[in-house]
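Peer 1: Quick one: this structure, given as structure tokens, is what I'll be asking you about.
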Amino acid sequence: EAGVTQFPSHSVIEKGQTVTLRCDPISGHDNLYWYRRVMGKEIKFLLHFVKESKQDESGMPNNRFLAERTGGTYSTLKVQPAELEDSGVYFCASSHMRATGELFFGEGSRLTVL
Amino acid sequence: QKEVEQDPGPLSVPEGAIVSLNCTYSNSAFQYFMWYRQYSRKGPELLMYTYSSGNKEDGRFTAQVDKSSKYISLFIRDSQPSDSATYLCASPTSGNTPLVFGKGTRLSVIA
């Protein structure tokens, strides 16, 4: 069974540009999460989809971040315009049930904003 | 005060040593506790999951929760170089809330 896949693995952009990160969850997993780790900090929650609906987006930093999950399959996270403080590793995770804590993570997309 | 505090290390031990990794948490509502392991350039993977106070053992790994002192521990017996990774403690506030992570402790087991 394929795991959670994320693309790109690394993106380097300039401040003010736009970047779109993609996550393909494990097939059949209704729950999809985005997390972010900024250097030196802990992994922090951004938002949670159940199928195509945003269940919780309390962790989204500001309106420069837009997440979508059309059709309840893959998800995208767009940052527009990117700022220096957006640099970090963006992790996607999925789970079949709303099982507490049992998330399957992708390898992450490393974003560097110059 | 952060909800989950964890010493980031790094921690370096010789092969075969017993390793103790620890976290403290501040929110009494935390009921579930997890340890995730993250290898370099990989995503976190669930290692162990505990619900109540006490010990839970899985092979060389033992997770311990002390709710009275809000302290959680992960013990690794007979540590191996393949155990070298970052270990993250995590908990949701309740069954329906997202995970709160500690910063992670980077462990190196030297052969």
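Peer 1: Please state the relative contact order of chain A as a whole percent: Cα pairs under 8 Å, 6+ residues apart?
Peer 2: 37 percent
Peer 1: Can you list the aspartates and glutamates whose alpha carbon is less than 16 Å from that of A:Lys41, not counting same-chain residues fewer than 8 positions off?
Peer 2: Filter leaves A:Glu85, A:Asp86, B:Glu3, B:Glu5, B:Asp7.
Peer 1: Report ³J(HN,Hα) in whole Hz for each residue of region A:74-79, in order, from the Karplus equation J = 6.51 cos²θ - 1.76 cosθ + 1.60 where θ = phi - 60°; Gly and Pro get x.
Peer 2: So the J values, rounded to whole Hz, are 6, 10, 10, 10, 9, 10.
Peer 1: If you average 1/r across every pair of different Cα atoms in region A:26-65 and take the reciprocal, what Kirkwood value do you get, in Å?
Peer 2: Values: mean 1/r = 0.0901 Å⁻¹.
It is 11.1 Å.
Peer 1: Take the eigenvalues of the Cα gyration tensor for region B:25-64, scale each by 5, and report the square roots as semi-axes in whole Å, largest first.
Peer 2: Result for region B:25-64: semi-axes of 21, 15, 7 Å.
Peer 1: Please state, as a whole number in µm²/s, the translational diffusion coefficient that the Stokes-Einstein equation yields for chain A at 20 °C and 1.002 mPa s, with Rh defined as the Kirkwood radius across alpha carbon pairs. Spell out each step's value before the answer.
Peer 2: Working: Rh = 13.9 Å.
Answer from the Stokes-Einstein relation: 154 µm²/s.
Peer 1: Check each of the GluC sites (Glu not before Pro) in region A:14-55 and keep only those in coil by DSSP with at most 16 other C-beta atoms within 10 angstrom; list them in order. Kindly include the intermediate steps, with their values, before the conclusion.
Peer 2: Values: sites: A:Glu14, A:Glu42, A:Glu52; in loops: A:Glu14, A:Glu42, A:Glu52.
Within region A:14-55, the qualifying GluC sites (Glu not before Pro) (loop, at most 16 other Cβ atoms within 10 Å) are A:Glu14, A:Glu52.
Peer 1: Among the chymotrypsin sites (Phe, Trp or Tyr not before Pro) within region B:1-90, which fall in a DSSP loop and have no more than 12 other Cβ atoms within 10 Å of their own Cβ?
Peer 2: Answer by residue number: B:Tyr51.
Peer 1: Something else about it: Aspartates and glutamates within cross-link reach of A:Lys54: Cα-Cα under 12 Å, excluding same-chain residues under 8 positions apart?
Peer 2: Once the sequence-local aspartates and glutamates are set aside, what remains near A:Lys54 is A:Asp30, A:Glu68.
Peer 1: Using the heavy atoms of the protein chains alone and a 1.4 angstrom probe, what is the accessible area of region A:1-92 per residue in square angstrom?
Peer 2: 51 Å²
Peer 1: I would also like to ask the following. Note the direction-averaged projected area, equal to a quarter of the hull surface, for the Cα convex hull of region B:1-109, in nm².
Peer 2: It is 6.5 nm².
Peer 1: Eigenvalues of the Cα gyration tensor times 5, then square-rooted: what semi-axes does that give for the protein assembly as shown, in whole angstrom, largest first?
Peer 2: Its equivalent ellipsoid spans semi-axes of 30, 20, 16 Å.
Peer 1: How much area per residue is accessible in chain B when the probe is 1.4 Å and only protein heavy atoms are counted (Å²)?
Peer 2: 48 Å²
Peer 1: Same structure, new question: Other chains near B:34-43: what is the mean number of their Cβ atoms within 10 Å of each residue's Cβ?
Peer 2: What the average comes to for B:34-43 is 4.
Peer 1: Rounded to whole Hz and in sequence order, give me ³J(HN,Hα) for region B:103-111 from the Karplus expression 6.51 cos²θ - 1.76 cosθ + 1.60, θ = phi - 60°, writing x for Gly and Pro.
Peer 2: In residue order, the calculated couplings are 5, x, 10, 7, 10, 10, 10, 9, 6 Hz.
Peer 1: Now, a different point. What is the distance in Å between the Cα centroid of region A:1-54 and that of region B:44-78?
Peer 2: Cα centres, region A:1-54 to region B:44-78: 28 Å.
Peer 1: Still on this model: Using θ = phi - 60° and the Karplus curve 6.51 cos²θ - 1.76 cosθ + 1.60, what whole-Hz ³J(HN,Hα) does each residue of region B:60-68 get, with Gly and Pro shown as x?
Peer 2: 3J(HN,Hα) across region B:60-68, in whole Hz: 7, 9, 10, 9, 10, 10, 10, 5, 5.
Peer 1: Using a Gaussian network model on chain B with a 10 Å cutoff between Cα atoms, which of B:Gly59, B:Gly43, B:Gly16 fluctuates the most?
Peer 2: Largest GNM mean-square fluctuation: B:Gly59.
Peer 1: In percent, how large is the relative contact order of chain B, given Cα pairs closer than 8 Å and 6 or more residues apart? Provide the component values of the computation, followed by the final result.
Peer 2: Working: 276 pairs, mean separation 41.7, N = 111.
About 38 percent, as a whole number.
The values are calculated or read from the model by the stated rules, or taken from the named source; none is laboratory data. Everything numeric here is computed off the predicted structure, so don't read it as measured data. Cβ: placed from backbone, ideal geometry, glycine included. Neighbour counts: every protein chain shown. For accessibility, only protein heavy atoms count, side chains too; no ligands or nucleic acids. Shrake-Rupley method; radii C 1.70, N 1.55, O 1.52, S 1.80 Å.
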